[in-house]
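Worksheet for the structure shown next.
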Amino acid sequence: MSSFSISPVFSLREQVVLFEGDCLELLSAIPDGSMQLVVTSPPYNLGKSYERKNSLDKYLQWQDRVIGECIRALHPEGSICWQVGNYVHEGAIVPLDIALYPSFSNRGLKLRNRIVWHFEHGLHCSRRLSGRHETILWFTKTDQYLFDLDPIRVPQKYPEKKYFKGPKAGQYSCNPLGKNPGDVWVIPNVKNNHVEKTIHPCQFPIELVERLVLSMTRKGDWILDPFAGVGSALIAGLKHNRRAAGSELSSEYCAIAQSRIAQSTTGLLKSRPMGRPVYDPQNANRSLTTRLFDETTEKPF
Ligand SMILES: C[S@@+](CC[C@H](N)C(=O)[O-])C[C@H]1O[C@@H](n2cnc3c(N)ncnc32)[C@H](O)[C@@H]1O
C-alpha cells in the first residue's frame, strides 16, 4: 500500500477522507451513487461512552435518516453492510437488525444475507445466555450488484474428494479455489488481548471488513463508513487498494484512526490475518476446559 495524505473534507479526487464531525454532514458532501460499499457499525443506543441514550423510537428515526442518505450515496451496483447487535432496555433485548430492516426494505433494497458473526468474548450474563453473536445485514440497491466469491473462499473440508462415477469420475468434485465461507463467520472480536485493540470499546476486527471489501468492491472503488471509530473499515479498504471515506464525532478516535491509517500504509500496523484459525483451548491441551458434571446436583463440580 502506498502512503498518501488523509483529507479532512470529501472529494472524489482523494484516496482517503476522514471527516471529524457528524456523519450526516459528511454524507451531504458525497455525490449520489458514488459509493460502492457502505460498511458500518453504528452506536446501539446503549449509553456507551461515545453516545447519548435516546428512546428506541428516536434512535430508529435517526438511524433511518442516516440509512436514507447512505442509500442515496450508494452506487447502483453497490452494497450496504449494517453491522449491529442488540439494544437492551430493562433486561429485554431488541435485535437491532430486525428493528432496522424496514429502513432498507421500504426503500426497495434487497437483503442478500444476514451474516451471523460469532465470537467468544463479551459480558457474562447471569439472567440470560451470554450474547456471542451479532449480525451484518447485507443489502443491495439493485439486482445488478457486484459480488465476487473467489477472493473470500475458504479451505475445503475434504479437498481430495473426487466424483466416483459419471462423466466426471476421477475429477475433483469441489472448487479447487476453496468453498463459499457461508453466512456464519467465526472471527474473534477485538477485546484486550487482540492485536488490534485500541482504547475504543467496540472496534471492528479488520479481517471482518476485508471479506466484504474483497467480495463486494473492485480496486479503486469507494468504501464509506459513516461511524468510523478508530478507522478499521477504512484500513480494510486501503489495504486492498480501495478508496475510503469515514466520519467520526470523537476527536480522540479520529486521532487514533489517523495514526492507524498512517501505520497501515507503511506496513507497521499489526492486524490479525484473514483466515487464521481461532484459538482452540482443547487443541492447546488446556485441561481446565473439561467440564465435570455432577449428576446428583445437576451442576458442574
Ligand atoms: C460502534 S462504534 C464504530 C467503531 C468502528 N467500527 C471501529 O472499528 O472503530 C460507533 C462510532 O460512531 C461514532 N458516532 C456516534 N454518533 C456519530 C455521528 N452522528 N456521526 C459520526 N460518528 C458518530 C462514535 O463516536 C463511535 O466511535
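Take Arg243 and decide whether it is basic (Lys, Arg), more than 18 Å from Asn189 (Cβ to Cβ) and more than 10 Å from the ligand (Cβ to nearest atom). Considered against the rule, which asks whether it is basic (Lys, Arg), more than 18 Å from Asn189 (Cβ to Cβ) and more than 10 Å from the ligand (Cβ to nearest atom), Arg243 comes out as yes.
Residues of segment 18-36 that are within 13 Å of the ligand (Cβ to nearest atom) and closer than 17 Å to Leu74 by Cα: Cys23, Leu24, Glu25, Leu26, Leu27, Ser28. For segment 180-193, the candidate set comprises residues that are surrounded by fewer than 16 Cβ atoms within 10 Å (Cβ to Cβ) and of a type outside the set (Gly, Ala, Ser); within that set, the residue that is nearest to Val278 (Cα to Cα) is Val186.
Inside segment 223-242, can you point out the residues that are buried (at least 23 other Cβ atoms within 10 Å of the Cβ) and of a type in the set (D, E, K, R)? Scanning segment 223-242 gives a single hit, Asp225. A single entry from Ser28, Ser55 fulfils the requirement of being of a type in the set (Gly, Ala, Ser), more than 22 Å from Ser259 (Cα to Cα), loosely packed, with under 14 Cβ neighbours inside 10 Å and in contact (Cβ under 8 Å) with a residue 24 or more places away in the chain: Ser28. Does segment 67-79 include one or more residues that are more than 16 Å from the ligand (Cβ to nearest atom), hydrophobic (A, V, I, L, M, F, W, C) and touching a residue at least 60 places away in the same chain (Cβ under 8 Å)? Among the residues of segment 67-79, at least one is more than 16 Å from the ligand (Cβ to nearest atom), hydrophobic (A, V, I, L, M, F, W, C) and touching a residue at least 60 places away in the same chain (Cβ under 8 Å), which makes the answer yes.
Against the conditions (1) farther than 28 Å from Gly122 by Cα; (2) touching a helix residue (DSSP H, G or I) at 6+ places or on another chain (Cβ under 8 Å), Ile80 satisfies every one except (1).
Every number here is computed from the coordinates shown, using simple stated rules; none is lab data. Everything numeric here is computed off the predicted structure, so don't read it as measured data. Here Cβ is always computed from backbone atoms with ideal geometry, including for glycine, and neighbour counts include all displayed protein chains.
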